[in-house]
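These notes concern the structure reproduced below.
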Amino acid sequence: MDIVSLIIQLLSGAAGGNLAGAALKKFSLGSIGNSIVGIIGGGLGGQLLGVLTGGGAGAAAGGLDVGSIISSVAGGGVGGGVLMAVIGLIRQAMTKKPS
């Protein structure tokens, strides 16, 4: 794992969090909240994908090929979107008033 892959994961996580917030307006945390949670989820999702796939040949060789970039974008974007949706769901459940 190199710093470029981590930056790609964090940026795509922020984008994934904002896309999830736009698609799931009910769970949105606002632009800044979606970005922050997306960045955290992007880092976690990208790292998890790297562990599950064994890091990939490009990461092991220290190079940055198209496959590793796509993997970083996918892991970061999905991780950011999923974490934003989970945090939004928890936030909504906590603010719901009992009937």
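The values are calculated or read from the model by the stated rules, or taken from the named source; none is laboratory data. Everything numeric in this text was worked out from a predicted model, so none of it was measured. Every residue, glycine among them, receives a Cβ derived from its backbone with ideal geometry; neighbour counts consider all protein chains shown.
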Out of everything in segment 5-45 that is closer than 22 Å to Asp65 by Cα and among the polar types (S, T, N, Q), what residue ends up being surrounded by the fewest Cβ atoms within 10 Å (Cβ to Cβ)? Ser5
Please find, among Met84, Met94, the residue that is of a type outside the set (Val, Ile, Thr), modelled with pLDDT of 90 or more and in contact with a Leu (Cβ under 9 Å, 6 or more places away or on another chain). Met84
Residues of segment 38-67 classified as over 14 Å from the mean Cα position of the chain (by Cα), under 13 Å from Ile7 (Cα atoms) and modelled with pLDDT of 85 or more, total: 0
